[in-house]
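Data first, discussion second: the structure below is written as structure tokens.
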Amino acid sequence: MFTGLVDDVGVVEQVERTEAGRNLRIASRYTGVAIGESIAINGACLTVLAHGAGWFAVAAIVTTLGRTTIAEWEPGRRVNLERAMRLGDRLGGHLVQGHVDGVGEVEEARRLEDALLVDIRLPADLEPLMVPHGSVAIDGVSLTVNALPAPGILQVSLIDHTARHTTLGSLRAGDVVHVEADMVGKYVRQLVAPYAVER
């Protein structure tokens, strides 16, 4: 479980293609990393398989590659990192599972006074899970739904700190991002689905 508060921006150092998927080596400031530990990488929860001074390695299986953008990652790519929360940690963001629900595409990123507004086109099945002023994770970053300005479009507003301390500050039109909908919304949808009336 994560909070969506990125605590390091790492760099993909190596990508090895395997029959099972991809092995990735990530450069990071983390210390005390343990084999078997879960780390969210751009919002995708992956397991540490090896580590050393200034790096750790993970594997993304074929299923993960099919639900994320990881298959396209190359050495040099910057990625948002967050270690799993400990029981008793402050929950400064929102409950994030590290399960990518879909891939969105940036339609527009523009400055408005002290904020960076980013409009993201969502996969159709995620649109009903977005609630104005609700929570969403974009590339692993806990954000508030600023607006739903058009059908299928999610808008988030990035403060300067978030733009500077994550990869989101460099988003441009055409970029693709991992989207994780709010966990509560997903459970509510599942629970009410048998009783929903089609319109």
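The values are calculated or read from the model by the stated rules, or taken from the named source; none is laboratory data. What you are looking at is a predicted structure, and each value in this text was computed from that prediction instead of being measured. Glycine also receives a Cβ, built like all others from the backbone with ideal geometry; neighbour counts cover every protein chain displayed.
Observations on the structure shown:
- Among the candidates V118, V96, V100, residue that is closer than 17 Å to L158 by Cα, surrounded by 14 or more Cβ atoms within 10 Å (Cβ to Cβ) and at pLDDT 90 or above: V118
- Region 12-52, residues that are without any contact (Cβ under 8 Å) to a residue 12 or more places away in the chain and assigned to a loop (DSSP other than H, G, I, E, B): E19, T31, G32
- Search result, residues across region 152-186 that are surrounded by 17 or more Cβ atoms within 10 Å (Cβ to Cβ) and assigned to a strand (DSSP E or B): I153, L154, Q155, V156, L158, V177, H178, V179, E180, A181
- Residue check, R90 out of contact with any strand residue (DSSP E or B) (no Cβ under 6 Å at 6 or more places or on another chain) and at negative phi: yes
- Subset of region 53-77 [without any contact (Cβ under 8 Å) to a residue 12 or more places away in the chain and in contact with a Ser or Thr (Cβ under 9 Å, 6 or more places away or on another chain)]: A53
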